[in-house]
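I have placed the structure first, in the form of structure tokens, so that the comments after it can refer back to it.
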There are 2 protein chains.
Amino acid sequence: MNADEQTRFVIVVAGGKGLRMGGDMPKQFMPLGDRPVLLHTLDAFYRYDSEIRIILVLPDGQRVYWHNLCTDYGFTVPHRIVSGGETRFHSVKNGLALVENALAAEGTAGFGGALVGIHDGVRPLIDSKTIAAVYERADFENGAYPAIPVTDSLRKFSAPGKKSVAVDRSKYYLVQTPQVFRAELIIKAYRQEYRPEFTDDVSVVEASGLCNPVMVEGSRKNIKLTTPLDFVIAKAMM
Amino acid sequence: MNADEQTRFVIVVAGGKGLRMGGDMPKQFMPLGDRPVLLHTLDAFYRYDSEIRIILVLPDGQRVYWHNLCTDYGFTVPHRIVSGGETRFHSVKNGLALVENALAAEGTAGFGGALVGIHDGVRPLIDSKTIAAVYERADFENGAYPAIPVTDSLRKFSAPGKKSVAVDRSKYYLVQTPQVFRAELIIKAYRQEYRPEFTDDVSVVEASGLCNPVMVEGSRKNIKLTTPLDFVIAKAMM
């Protein structure tokens, strides 16, 4: 990072539960190639910028497991951990509290234009080019996110099991992460009360009226690992 | 096929051009594992029902190449070939003309309830379970198609580069093939004039007002091979 660039943060949200409950292993800890998913994800941001400040949001019950994982794999990418909340919204809010404290402690007026990215822990195949494009665009526009066009025919249902209509797929985009915002703005946006329609960070920022984040070209490889099939696909794309 | 079941057809549309133009090889002929894509696709329908009548729609300039391919790979799945048209709509129409002639020649009143599926040649990973589900549902409802839910966040743009809004992804489905219809009905629907909004066969049938095809659960593996990355993914999923 050059001295004249602003501070960059990324909040990596690893919400998957289940470790203590005897259920399935959370997706973020499942192996992908030589290492668990989450190690790939953090590494991707470190490769993009070795001075980016990584904040990992992790359920409390997974801290020890994570610590041991880092030791076992000799994982040395610097990061800080904060506790996960009830919902994704609350988890991100916890991450932002750490950003705010860090910037306040450093005493930079207006947070010095710092940028905060928020990224799904289970999107390990994010590449430096896409990360750079989103952070750069967010620096101009105060908010940016990656998205890709829909390539299959798309239909909309009025309700589950009801009549559907074909819609013009060229108007629709699939939204990915990291979603990146000016620190001041995203911290302010997250002071809103939680609403169920807050499905991602762009929707939180838009609801705040503070900014209209802009879209940048995402990557087909930047998939979210949710099913066993996704792991097969991700492994092939690595 | 049992004697009391109706005749089943599938029209496999292999529209990819380019073989004579010195451009890239059409996707339907690219290798996927041990064989070209289109051999996998035809085989999938043969595995589902060895008596299904397969009609392959192929650009005229690719017939000799296809014939040689079948010889080289010892491919013996029975099928008939018809010429591709200017657009997908016209290609399907050519396939339906063959269905109509075949059924008329056999002299069955009302085509004996025959069913016609229409499938993208570049969807080779379609499985017997999905094919069976669509044909069975179409037999009850006169028209059916496979689709899968959207799993990423979805945004809609008013126009390219313009403002976007988050939409409720749970109302949207990605439409696949085979799309299957009662023969009488799809033949009649294709007598309409071509319109640019006919992006698939369900949209043609809906516009005819003859039937409202119903959705059945598709398969995440049933991807359409359009980019080199799709081939990597398909290979991994095989």
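The values are calculated or read from the model by the stated rules, or taken from the named source; none is laboratory data. A quick note: this is a predicted structure, and the numbers were derived from the prediction, not measured. Here the Cβ positions follow ideal geometry from the backbone for every residue, glycine too, while neighbour counts run over all protein chains shown.
The table that follows gives values for the structure above.
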read-out	value
Residue match in segment B:103-123 (condition: among the aliphatic types (A, V, I, L, M), within 15 Å of the chain's Cα centre (by Cα), within 14 Å of chain A (Cβ to nearest Cβ) and assigned to a loop (DSSP other than H, G, I, E, B))	yes
Residue within segment B:124-137 that is within 14 Å of chain A (Cβ to nearest Cβ) and over 26 Å from B:K27 (Cα atoms) present	yes
Residue ID - nearest to the chain's Cα centre (by Cα), chosen from residues in segment A:180-206 that are hydroxyl-bearing (S, T, Y) and more than 10 Å from chain B (Cβ to nearest Cβ)	A:Y190
Qualifying position, being buried (at least 22 other Cβ atoms within 10 Å of the Cβ), of a type outside the set (K, R) and farther than 12 Å from B:F9 by Cα, among B:V77, B:V57	B:V57
Flag if B:D139 is assigned to a helix (DSSP H, G or I), free of Cβ contacts under 8 Å to residues at least 60 places away in the same chain and surrounded by 15 or more Cβ atoms within 10 Å (Cβ to Cβ)	no
Residue within segment B:95-103 that is under 29 Å from B:R195 (Cα atoms), aliphatic (A, V, I, L, M) and in contact with a strand residue (DSSP E or B) (Cβ under 6 Å, 6 or more places away or on another chain) present	yes
Residue, modelled with the highest pLDDT, within segment A:2-47, restricted to residues that are basic (K, R), surrounded by 15 or more Cβ atoms within 10 Å (Cβ to Cβ) and in contact with a Gly (Cβ under 8 Å, 6 or more places away or on another chain)	A:R8
Matching residues, segment A:84-105, being under 17 Å from A:F9 (Cα atoms) and touching a residue at least 12 places away in the same chain (Cβ under 8 Å)	A:S91, A:V92, A:K93, A:N94, A:G95, A:L96, A:A97, A:L98, A:V99, A:E100, A:A102, A:L103
Residue check for B:L229: in contact (Cβ under 8 Å) with a residue 60 or more places away in the chain and of a type in the set (A, V, I, L, M, F, W, C)	no
Unique match (being touching a helix residue (DSSP H, G or I) at 6+ places or on another chain (Cβ under 6 Å) and polar (S, T, N, Q)) among B:S164, B:S153, B:S208	B:S208
Per-region count, segment A:53-91, residues within 25 Å of A:F198 (Cβ to Cβ), over 16 Å from the mean Cα position of the chain (by Cα) and not charged (D, E, K, R)	2
Evaluation of A:T177 against (1) in a loop (DSSP other than H, G, I, E, B); (2) more than 10 Å from every other protein chain (Cβ to nearest Cβ); (3) surrounded by 16 or more Cβ atoms within 10 Å (Cβ to Cβ) (one fails), failing number	(2)
Sole residue being within 24 Å of A:Q28 (Cβ to Cβ), at pLDDT 95 or above and of a type outside the set (A, V, I, L, M), chosen from A:F231, A:F181	A:F181
Top-ranked residue in segment B:222-238 [being exposed (fewer than 15 other Cβ atoms within 10 Å of the Cβ) and outside any helix (DSSP H, G or I); ranked as farthest from the other protein chains (Cβ to nearest Cβ)]	B:M238
Yes/no for B:Q192 being crowded, with 19+ Cβ neighbours inside 10 Å and either farther than 30 Å from A:T226 by Cβ or modelled with pLDDT of 95 or more (or both)	no
Test: residue in segment A:98-120 that is more than 20 Å from A:L210 (Cβ to Cβ), modelled with pLDDT of 95 or more and surrounded by fewer than 16 Cβ atoms within 10 Å (Cβ to Cβ)	no
Residue check for A:S153: surrounded by 15 or more Cβ atoms within 10 Å (Cβ to Cβ), facing chain B (nearest Cβ under 7 Å) and at pLDDT below 90	yes
Boolean, B:N212 is part of a loop (DSSP other than H, G, I, E, B), over 16 Å from B:R88 (Cα atoms) and in contact with a Gly (Cβ under 8 Å, 6 or more places away or on another chain)	yes
Answer residue from segment A:207-221, given it is within 10 Å of another protein chain (Cβ to nearest Cβ) and not aliphatic (A, V, I, L, M) and is surrounded by the most Cβ atoms within 10 Å (Cβ to Cβ) among those	A:P213
Selection within segment A:127-162 - among the basic types (K, R) and under 15 Å from B:L174 (Cα atoms)	A:R155, A:K156
Count of segment A:149-174 residues which are among the hydroxyl-bearing types (S, T, Y) and assigned to a helix (DSSP H, G or I)	1
Given (1) free of Cβ contacts under 8 Å to residues at least 24 places away in the same chain; (2) more than 8 Å from chain A (Cβ to nearest Cβ); (3) hydrophobic (A, V, I, L, M, F, W, C); (4) over 16 Å from A:A166 (Cβ atoms), number of the condition B:A166 does not satisfy	(2)
